[in-house]
Amino acid sequence: LSGHTGQVKTVAFCPDGKKLASGSDDGTIILWDVASGQPLGQPLAGHTDRVWSVAFSPDGKTLASASADGTVILWDVASGQPLGPPLAGHRSKAMSVAFSPDGQLLASGSSDKSIILWDMVDFLPVGAPLTGHTDEVWGVAFSPDGKILASASNDQTVRLWDVASRRERLALGGHGRQVIALAFSPNGRVLIVCGGENSIRHF
């Protein structure tokens, strides 16, 4: 699939498996038709810097994108238009985004060392940012039941947060270098993490 003019940083499948989103250093997102391999319309342009992360909502109607410009943009997948002004709560690069399984929350991680939970009804932060990491937050992921949020950081830790109370439950250290990405297994019993130490670990 060729269409971006810069490095592709992130990809995500729509839940229906028919569309793919890609985000790039060129500051745009392209929606692709999986069957044909062709773009669905023009690139989504709204960010002013590279796009680090994209994620579809569980119903596939909304796409979230996190950018080095410090904002998160919510896009209407059908029209390719933003659903409103960019979500601007971070003080530095927005590095990662993830929707809760019920689609009511969006988590965004940032190089400002924080995580923001956004309410997908009014598009406002739910309380104060989650803080505890001491370096950039590269990845965020909700557990399948939506009760736990996991975050991966350049500080060589993974932290688990209780979504309801917004409190940190556990910090998993022991990584030799930064942790870049993470994902829960479908049953929620295993968390896979990977990063700069050239290995994949599970908890």
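Among the residues of the range 161-184, those identified as in a loop (DSSP other than H, G, I, E, B) and touching a residue at least 40 places away in the same chain (Cβ under 8 Å) are 163, 166, 178.
Among what's in the range 1-10 and is in a strand (DSSP E or B) and not hydrophobic (A, V, I, L, M, F, W, C), pick the residue that is most open to solvent (accessible area, probe 1.4 Å). Looking at the filtered set, the residue picked out is 9. Among the residues of the range 140-160, which ones are outside any strand (DSSP E or B) and over 18 Å from residue 52 (Cβ atoms)? Matches in the range 140-160: 143, 144, 145, 146, 147, 156, 157. Kindly state which strands (runs of 3 or more DSSP E) lie completely within the range 11-101 and contain at least 3 residues that are in contact (Cβ under 8 Å) with a residue 12 or more places away in the chain and surrounded by fewer than 19 Cβ atoms within 10 Å (Cβ to Cβ). Correct list: empty, since no element meets the threshold.
Residue by residue through the range 143-163, note down the ones that are open to solvent by less than 70 Å² (accessible area, probe 1.4 Å), charged (D, E, K, R) and either closer than 17 Å to residue 99 by Cβ or modelled with pLDDT of 95 or more (or both). Listed by number, the residues that qualify are 159, 162.
The set of residues from the range 114-137 being surrounded by fewer than 24 Cβ atoms within 10 Å (Cβ to Cβ), under 25 Å from residue 202 (Cβ atoms) and in contact (Cβ under 8 Å) with a residue 40 or more places away in the chain comprises 135, 136. Within the range 164-197, if we keep just the residues that are buried (at least 20 other Cβ atoms within 10 Å of the Cβ) and under 17 Å from residue 107 (Cβ atoms), the residue that is modelled with the lowest pLDDT turns out to be 179.
The values are calculated or read from the model by the stated rules, or taken from the named source; none is laboratory data. Since the structure is predicted, the reported quantities are computational estimates derived from the model, not experimental observations. Positions of Cβ are backbone-derived with ideal geometry, glycine not excepted, and every protein chain shown enters the neighbour counts. For the accessible areas, the whole protein counts, side chains as well, though only heavy atoms, and no ligand, DNA or RNA atoms are used. Shrake-Rupley method; radii C 1.70, N 1.55, O 1.52, S 1.80 Å.
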